[in-house]
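Reviewing the structure listed below.
Where a number appears in this text, it was derived from the coordinates with a stated rule and is not lab data. Owing to the predicted nature of the structure, the values given are computational and were not obtained by experimental measurement. Neighbour counts run over all protein chains shown; Cβ positions are idealised from the backbone, glycine included.
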Amino acid sequence: MPQKVVEFTDANFEQEVLQSDTPVLVDFWAEWCGPCKTIAPTIVEVASEYAGKAKIGKLNVDHNRDSAMKFGIRSIPSLLIFNNGSVAHQIVGAVPKNNITKLLDDLI
């Protein structure tokens, strides 16, 4: 059964992302962002392929400004990959899927 994309919020960020025992990819996005919509299907595919190995989710920057500010998100989409509670990798912009999976593979 494919893993669904987790919805991260300011309220659950600490527990779901920073305290996770597996790598976590957070897609910082917004409804009005064209490139965010472009990369969305890729995020769903990655979530499915990495089920059980990594946690994949999205954080809406318009609704969760604290987390976006804390990690210095200035342009979206921004993908942050966390490992052991800290940022291991950062990708800005809509990128090909293999750019994302290569970084996740480094951490698994």
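Taking every DSSP beta bridge with both residues inside the chain, roughly what % is antiparallel (nearest 5)?
Counting DSSP beta bridges with both partners in the chain, the antiparallel share is about 55 percent.
Need one number: nm distance between label points at Asp105 and Thr9, each 7 Å from Cα along Cα→Cβ, rounded to one decimal.
According to this spin-label approximation, the distance is 3.6 nm.
Once you charge only the Cβ atoms, +1 for Lys and Arg and -1 for Asp and Glu, what is the size of the charge dipole of the range 6-94 about its Cα centre, to the nearest 20 debye?
220
Along the charge dipole of the chain, Cβ charges K/R +1 and D/E -1, which of Ser75, Val6, Tyr50 sits furthest on the positive end?
Ser75
Applying the Karplus parametrisation 6.51 cos²θ - 1.76 cosθ + 1.60 with θ = phi - 60° to the phi angles of the range 11-20, what ³J(HN,Hα) value in whole Hz is obtained for each residue in order, glycine and proline being reported as x?
5, 9, 4, 4, 6, 6, 9, 5, 9, 5
Over the chain, what is the relative contact order in whole percent, taking alpha-carbon pairs under 8 Å and six or more residues apart?
It comes to 37 percent, rounded to a whole number.
At 7 Å along the Cα-to-beta-carbon direction for both Val92 and Gln19, put a label point, then send me their distance in nm to one decimal.
Using points 7 Å along Cα→Cβ, the separation is 3.2 nm.
What's the exposure ranking of Glu31, Glu45, going from fewest to most Cβ atoms within 10 Å?
Glu31, Glu45
Around Ser78, which amide H atoms from residues at least 5 apart in sequence, or from another chain, sit under 5 Å from its own amide H, with H modelled in the peptide plane?
Residues meeting the criterion, in which the H sits 1.01 Å from N, are Phe28, Gly93.
Find the Cα radius of gyration of the range 6-94, compare it with 2.2 N^0.38 Å by division, and give the number to two decimals.
0.97
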